[in-house]
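Before any comments, here is the structure.
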Amino acid sequence: MYSVAPRAGMSPEIQSVVSLNERIERFGITKLIDDRMAEEQEQEQEQEREVDRQIQWERQVERPPKVKPAKHVVSQDIRMFVETGMLPTHSAHISQLLIPVDMAKALDSTIEWSPSPLATVDFTTTVLGSDSARMTDYLRPVNWILSSGSGKTSNVIVISPYEANELLPIIRKTRKVRLHIYAPRVSSLMRSFSDLRFHSIPDSQTETWSAPRHVRVGLNLFAGQLYFDSKDEYENVCILLALSRAHPDAKYGEVDGFVPPEHRTGRHSPFAESRIYILKKLIGLRRKGTSYFRTHLGQILNANSLSEDALSALSP
């Protein structure tokens with residue numbers, strides 16, 4: 001329990017006990033050390049050294065700068081569309097939904113992927129001084145959609161919640177357009193709203209309209225849908241973005257999975273350059289820092305094909 005330190009001084013506590021002090025001096029002992037206390041002190045010092053070597057991480061959330069919100073306006077063009085079901089020939093208040101990701105012009109140049117979904121200025125403009133042609137930290141979520149027509153000639157316009165509330169009485173009265181509720185599928189257990197048939201106003205029992213395939217793909221990409229509804233949708237997205245999955249015999253592909261036009265062996269894509277980078281930026285803004293790598297969309301945006309297990313879980 002105790003060890004000898006011959007050249008050290010005797011503690012005052014030991015010297016105060018006369019009989020004990022005499023016996024210690026008789027044996028030539030000059031200091032007593034408690035080994036248990038020494039071990040404890042050594043352990044404390046070792047723990048302090050370990051703490052000093054640890055790297056401390058502190059997460060800091062970088063929030064977007066404060067800005068003033070834009071004033072809501074329901075344009076006369078969108079009122080006319082609701083009253084008649086007809087799109088104006090030229091409108092400064094209605095534009096292609098996919099302009100911010102630089103995909104609208106290419107899509108509308110083809111028969112297969114046109115007409116692409118539209119959006120109102122009130123939907124795209126969220127803050128003062130913002131440009132509806134650019135993506136910002138204040139992207140509005142896609143939740144309310146107007147439609148008219150049927151099949152390939154369907155007109156689909158994404159609107160703001162304010163417009164949906166203001167136009168609802170006219171929609172119910174004229175019955176020229178349909179108002180749909182929509183939300184992107186961001187969980188594998190979440191139901192799909194892609195066909196726009198979950199709930200619509202007015203609710204017609206005789207009409208069985210659903211969003212055309214090309215409209216669904218555009219809506220889902222812009223809204224930030226992370227999971228595909230079917231194998232067919234998965235294949236269509238790969239075809240649209242000219243990914244290697246759609247061109248299995250291609251002898252060259254870029255790092256992000258994009259196959260240039262001169263190397264394609266499958267179905268046509270309207271894009272001559274990759275759109276993977278800008279789609280990653282869009283989904284990053286939608287997810288606000290939340291990881292999405294393991295989702296369906298996260299896999300293909302990172303040049304990976306879906307696993308066989310993931311494909312088997314999808315409907316045909």
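The values are calculated or read from the model by the stated rules, or taken from the named source; none is laboratory data. All of these numbers come straight from a predicted model, not from anything done at the bench. Note that we place each Cβ from the backbone using ideal geometry, even for glycine, and neighbour counts take in every protein chain shown.
Here are some notes:
- Residue list for region 122-154, filter: crowded, with 19+ Cβ neighbours inside 10 Å and farther than 16 Å from Val67 by Cα: Asp122, Phe123, Val142, Trp144, Ile145, Leu146, Ser147, Ser148, Ser154
- Test: residue in region 198-221 that is among the basic types (Lys, Arg) and either free of Cβ contacts under 8 Å to residues at least 40 places away in the same chain or at positive phi (or both): yes
- Flag for Ser150 being of a type in the set (Gly, Ala, Ser), over 17 Å from the mean Cα position of the chain (by Cα) and more than 20 Å from His72 (Cα to Cα): yes
- Tallying residues that are within 20 Å of Pro117 (Cα to Cα) and aliphatic (A, V, I, L, M) within region 186-203 yields 2.
- Given (1) more than 27 Å from Phe198 (Cα to Cα); (2) assigned to a loop (DSSP other than H, G, I, E, B); (3) in contact (Cβ under 8 Å) with a residue 24 or more places away in the chain, number of the condition Val142 does not satisfy: (1)
- Any hit, region 81-96, residues being in contact with a strand residue (DSSP E or B) (Cβ under 6 Å, 6 or more places away or on another chain), surrounded by 22 or more Cβ atoms within 10 Å (Cβ to Cβ) and not hydrophobic (A, V, I, L, M, F, W, C): no
- Per-region count, region 293-316, residues within 15 Å of Glu235 (Cα to Cα) and among the charged types (D, E, K, R): 1
- Residue in region 197-211 that is crowded, with 21+ Cβ neighbours inside 10 Å, part of a loop (DSSP other than H, G, I, E, B) and modelled with pLDDT under 95 present: yes
- Unmet requirement for Met190, which otherwise passes all of (1) touching a residue at least 40 places away in the same chain (Cβ under 8 Å); (2) assigned by TED's automatic domain parsing to the domain that holds Met80; (3) surrounded by fewer than 22 Cβ atoms within 10 Å (Cβ to Cβ): (1)
- Residues satisfying the stated conditions in region 251-308, i.e. of a type outside the set (Val, Ile, Thr), assigned to a loop (DSSP other than H, G, I, E, B), within 20 Å of Met190 (Cα to Cα) and in contact (Cβ under 8 Å) with a residue 12 or more places away in the chain: Tyr292, Leu306
- Selection of first residues in region 63-88 that are closer than 18 Å to Pro161 by Cα and of second residues that are assigned to a loop (DSSP other than H, G, I, E, B) and basic (Lys, Arg), restricted to Cβ pairs under 7 Å at least 6 apart or on distinct chains, gives the following pairs, ordered by first then second residue: Val82/Lys176.
- Flag for Ala183 being within 19 Å of Ile283 (Cα to Cα), of a type outside the set (Ser, Thr, Tyr) and not in a strand (DSSP E or B): yes
- Region 75-104: number of residues that are within 24 Å of the chain's Cα centre (by Cα) and part of a helix (DSSP H, G or I): 4
- Hey, Lys288 in contact with a Leu (Cβ under 9 Å, 6 or more places away or on another chain), surrounded by fewer than 17 Cβ atoms within 10 Å (Cβ to Cβ) and not assigned by TED's automatic domain parsing to the domain that holds Ala106 or not: no
- The listed residue being over 28 Å from Ser148 (Cα atoms) and not aliphatic (A, V, I, L, M), out of Glu262, Glu235: Glu262
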